[in-house]
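Novice: So that we are looking at the same thing, I have put the structure below in structure tokens.
No lab work stands behind these numbers, since they all come straight from the coordinates. Everything numeric in this text was worked out from a predicted model, so none of it was measured. FYI the Cβ positions are ideal-geometry reconstructions off the backbone, even for glycines, and counts take in every protein chain you see.
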Amino acid sequence: MAKKILIVDDSALIRSVLSGIINSDARFHVEDRAVDGQEALELMRKNSYDAVVLDINMPRMNGLELLKALQKEKIPAKVMIASTDSKEGARITMDCLELGAMDFVHKPDNTTECRSDAFTKTFLDTLTAVAEAKAPDSKLFTASSLKTADSVSKLAERHAARITGRRIVAIASSTGGPRALQSVIPLLPGKLKAPVVMVQHMPVGFTASLAERLNNLSELNIKEASEGDVLQDGCVYLSKGGAHMNVITHHGKCSIHYTDEPTREGVKPCANYMFESLHDSPYDEVVCVVLTGMGADGTVGIKNLKAEKKIHVISQNAESCTVYGMPKSVAAAGLSDVVVPLDEIAQEIIMRVGVR
């Protein structure tokens, strides 16, 4: 049975174009269309949908206001943002993800590009992930979670003598990742005894806003990685969109280097490149972390890294994933050392690398 989709967009032309894309795939059917958030809210009070495709800028009630209303009225919804504003307004997109939207696509400014094969594939791939995902958890990181971070850090300090050698943390995430990262990164102490490199599947123009948001919540120093950044303990380096992030070693120092190969696993950046680039690094152990996301990015990279390096793999469990794709692939390949809920990921990282 086709999954029921609600389109929310103030443009009749865009509603028609997106309806055509969605209905061209037998897995989906556009059940209803709404011209703004208010009309969508009224529909969602009466009906249930497998996914909602939501514009941001609309009259009467915009996309952000609709997401807030859905939270207030406790109406479960799996929302995918499709907006021309989402690229330039990356911070607004981050707000939408924080309010429960699960993923997003940047809607081209003209209908010709909207009808292109490239946009159609991206749109349907994202819609598939959202429609098949679990409804988002309303719980997010709050300041009170710092108590947990502090207690785990003290536990790690007591066991610090057992942790020897240099270590690095490498994290991969995709659909549901921005919200998941807000439940992990802020719980890592600023004196973490390791650098963190991270790939979150996002297009060009969005990762700087995600890094800024995480940095504002965290003791760690978090930034969108720049070419040549030298890795330092207690710092997080988030790969920018549209390029593949690698770690290279020169005279014992590790730094960021971007490459421009084609997409791999259908994504750019691809976590496989990040993991594989660590094979000749000076770290005694690489702690690989795989969080929620569709597809299998990370599995081949971790497998290839394991052939060259001592690694420890932490995978998010199925129950706490928005989309149990990437962690499932790693676990199915027999690569996971531990499989834990999202709220235990930070503790596992700290206990593995220690604090300064």
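Novice: For each of Glu31, Glu42, count neighbouring Cβ atoms within 10 Å of the residue's Cβ, then give the residues from fewest to most.
Specialist: Numbers: Glu31 17, Glu42 11.
Taking fewest neighbouring Cβ atoms as first place, the list is Glu42, Glu31.
Novice: Considering the convex hull of the alpha carbon atoms of the chain, report its projected area averaged over all viewing directions, in nm², one decimal.
Specialist: Values: hull surface 68.7 nm².
Average of the hull's projected areas for the chain equals 17.2 nm².
Novice: Which residue, Met80, Met245, Met61, tops the fluctuation ranking in a GNM of the chain built on C-alpha contacts under 10 Å?
Specialist: It is Met61.
Novice: State the dimensionless ratio Rg/Rh of the stretch 3-132 (Rg: radius of gyration of Cα atoms; Rh: Kirkwood radius).
Specialist: On the way: Rg = 13.1 Å, Rh = 14.3 Å.
Radius of gyration over Kirkwood radius for the stretch 3-132 works out to 0.92.
Novice: In a Gaussian network model over the chain where Cα atoms closer than 10 Å are linked, find which of Lys306, Lys328, Lys253 has the largest mean-square fluctuation.
Specialist: Taking springs between Cα atoms under 10 Å, the residue moving most is Lys253.
Novice: For a quick check of your reading of the filter: which chymotrypsin sites (Phe, Trp or Tyr not before Pro) in the stretch 260-356 sit in a DSSP loop and have no more than 15 other Cβ atoms within 10 Å? Show your work: numbers first, answer last.
Specialist: On the way: sites: Tyr273, Phe275, Tyr283, Tyr324; in loops: Tyr283.
Qualifying residues, ordered by number: none.
Novice: Output the pairs from Lys3/Lys78; Lys191/Lys310; Lys240/Lys268; Lys107/Lys134 with a Cα-Cα distance over 21 Å in this structure; if there are none, say none. Display every interim value, and only then the final one.
Specialist: Values: Lys3/Lys78 12 Å; Lys191/Lys310 23 Å; Lys240/Lys268 9 Å; Lys107/Lys134 24 Å.
In this structure, Lys191/Lys310; Lys107/Lys134 lie more than 21 Å apart at Cα.
Novice: Based on alpha-carbon centroids, what's the gap between the stretch 257-287 and the stretch 1-51 in Å, whole number please?
Specialist: Going from one Cα centre to the other spans 38 Å.
Novice: Can you give me the span-like helices of the chain, meaning DSSP H runs with 27 Å or more of Cα extent along the axis and Kyte-Doolittle mean at or above 1.0?
Specialist: Values: long enough: none.
Helices meeting the criterion: none.
Novice: Let me ask you something else. Could you work out the helix-only [θ] at 222 nm for the chain, with each DSSP H run of four or more residues adding -39,500 (n - 2.57) and the total divided by the number of residues, to the nearest 500 deg cm²/dmol? List each step's numbers first, then the result.
Specialist: Values: 14 runs with 125 residues, N = 356.
When only DSSP H runs of four or more count, the value is -10000 deg cm²/dmol.
Novice: Another question, then. Top mean-square fluctuation among Ile168, Ile81, Ile21, Gaussian network model of the chain, C-alpha springs under 10 Å?
Specialist: Of Ile168, Ile81, Ile21, the Gaussian network model singles out Ile21 as fluctuating most.
Novice: How would you rank Arg45, Arg264, going from fewest to most other Cβ atoms within 10 Å of each one's own Cβ? List each step's numbers first, then the result.
Specialist: Details: Arg45 11, Arg264 16.
With the sparsest Cβ surroundings first, the list reads Arg45, Arg264.
Novice: Further question on the same structure: The stretch 143-353: Rg/Rh from Cα coordinates, Kirkwood Rh?
Specialist: Values: Rg = 15.4 Å, Rh = 16.6 Å.
On the Cα set of the stretch 143-353, Rg over Rh gives 0.92.
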